[in-house]
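Before any comments, here is the structure.
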């Protein structure tokens, strides 16, 4: 039963995963918390592991969530569910030599979708920040978390440090101070 | 027949090989795919591959996985696309499953728990960084700015399911462009100068 729910959930996620990766995190997060599979904080750890693994972050998260819910069969059905929609669409587009990206209708749809995807990711950031005690009572703990956030952001935007290193270094900082 | 099987195996192993060495999400795979498909295998020209990358972004799913599926189809039809897709997925799948097992084993260790306390705010920074990168190409006029702000508001205040908002976005884009055309306002459907990236 759980396997069927996993399959349908990730089939839906795969179908709407325009903009790939990070845009899908709020969708997956809504699904895993509403099914009671994980808390938002546990899902943050999934993203951490998915981000340190090679490959696309959304597919990796699907594999991890699937494994967490129903071990190996769960991971398999989640992955298959996630890739089926794109596979079918690509086969249709390829078979009919359909230049979908040059259609005005598709371009207009993407014109509206892109800012919505940006909004979705900003929402994800706010949600993950509040679930991980970064927004809240004024304490040494909250300040230290906020400092790590700020330095990590600076490292990514200004110093162009690779995301995997940012995750590893913040892990080392965490081990030292907590 | 033998030739076809040879192509399928080549497609499978090309993507199988690329996948486990590309950390940092789908975009990290693009240069590796270029190198393999154009320089090494000489399967197609840059012009064709650029078109595939552009198409891959207009379809839901990860750009690297989508590109692999498109390339596989060009080389070997439906079985080619499956060979590429399975090739790119298997190494990721194995690595993520192994890491999931490892994570469950070590997550209650105090040192690991402390590390993850430090990692969580960094993940929030990664998400903000993703928003910043997409925002730069997505938000460039008043309409896109309003759409972006309204989205965050709807999600935070009304807690609407993200999937509904994504579908609404498709409709909103089409309707807004139609209305603006009707009013005689020309809409740039993509940000000028830079190449538009959706991921």
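Throughout, read-outs are computed from the coordinates displayed, never taken from laboratory work. The model shown is predicted, which means the values in this text are computed figures rather than measured ones. As a convention, Cβ positions derive from the backbone with ideal geometry for all residues, glycine included, and neighbour counts pool all protein chains shown.
Suppose R0 equals 41 Å. What FRET efficiency, 1/(1 + (r/R0)^6) with r the Cβ-Cβ distance, do residue B:39 and residue B:178 give to the nearest 0.05? Walk me through the numbers on the way to the answer.
Details: r = 44 Å, r/R0 = 1.07.
Calculated value: 0.40.
On C-alpha positions alone, give me the angle between the axis of helix A:104-131 and the longest principal axis of chain A, in degrees, nearest 10. Long axis of A:104-131 versus the principal axis of chain A: about 30 degrees. Its Cα gyration tensor gives the range A:11-86 an equivalent ellipsoid; the semi-axes, largest first and in whole Å, are 16, 14, 13. The mean sequence distance of close C-alpha pairs (under 8 Å, at least 6 residues apart), as a share of the length of chain B, puts its relative contact order at 20 percent. Among A:104, B:143, sorting on how many other beta-carbon atoms sit within 10 Å of each Cβ, with the fewest leading, yields A:104, B:143. Extending 7 Å from the Cα toward the beta-carbon at both residue B:21 and residue B:90 defines two label points whose distance is 1.8 nm. Computing FRET efficiency as 1/(1 + (r/R0)^6) for residue B:186 and residue B:157, where r is the C-beta to C-beta distance and R0 is 35 Å, gives about 0.60.
Residue exposure proxy: A:7, B:16, ordered by other Cβ atoms within 10 angstrom of their Cβ from fewest to most, comes out as B:16, A:7.
Helices in chain B, meaning DSSP H runs of at least 4 residues, each add -39500 (n - 2.57). Divided by all residues, the mean residue ellipticity at 222 nm is -24500 deg cm²/dmol.
Using a simple spin-label model with pseudo-atoms 7 Å out from Cα toward Cβ, residue B:48 and residue A:161 lie 4.3 nm apart.
Could you work out, residue by residue across A:157-167, how many beta carbons of other chains sit within 10 Å of that residue's beta carbon, and then give the average as an integer?
3
Please label the shape of the protein assembly as shown as rounded, prolate or oblate, based on the square roots a ≥ b ≥ c of the eigenvalues of the alpha-carbon gyration tensor (a/c under 1.5 means rounded; beyond that, a/b larger than b/c means prolate, else oblate).
Working: a/c = 1.66, a/b = 1.16, b/c = 1.43.
Here the protein assembly as shown falls in the oblate category.
In peptide B:152-163, how many Cβ atoms from other protein chains are near each Cβ within 10 Å, on average? Intermediate results must be reported in sequence, preceding the final value.
Values: counts 9, 2, 3, 10, 5, 0, 0, 1, 1, 5, 17, 8.
Going residue by residue through B:152-163 and averaging, the value is 5.
With a simple spin-label model that places each label point 7 Å from the Cα along the Cα-to-Cβ direction, the separation between residue B:113 and residue B:3 comes to 6.4 nm.
Once a ≥ b ≥ c are taken as the square roots of the eigenvalues of the Cα gyration tensor of the range A:123-178, is the result rounded (a/c under 1.5), prolate (a/b larger than b/c) or oblate (a/b not larger than b/c)?
Details: a/c = 2.04, a/b = 1.34, b/c = 1.52.
Judged from the Cα gyration tensor, the range A:123-178 comes out oblate (a/c at least 1.5, b/c at or above a/b).
For the segment B:173-186, counting C-beta atoms of other chains within 10 Å of every residue's C-beta and taking the mean gives 3.
Compute the FRET efficiency between residue A:88 and residue B:149 as 1/(1 + (r/R0)^6), taking r as their Cβ-Cβ distance and R0 = 25 Å, and round to the nearest 0.05. Display every interim value, and only then the final one.
On the way: r = 34 Å, r/R0 = 1.37.
About 0.15, to the nearest 0.05.
Binning all Cα-Cα separations of the range A:2-132 at 5 Å, short to long from zero, yields these whole-percent fractions: 2, 11, 18, 22, 20, 13, 9, 5, 1, 0.
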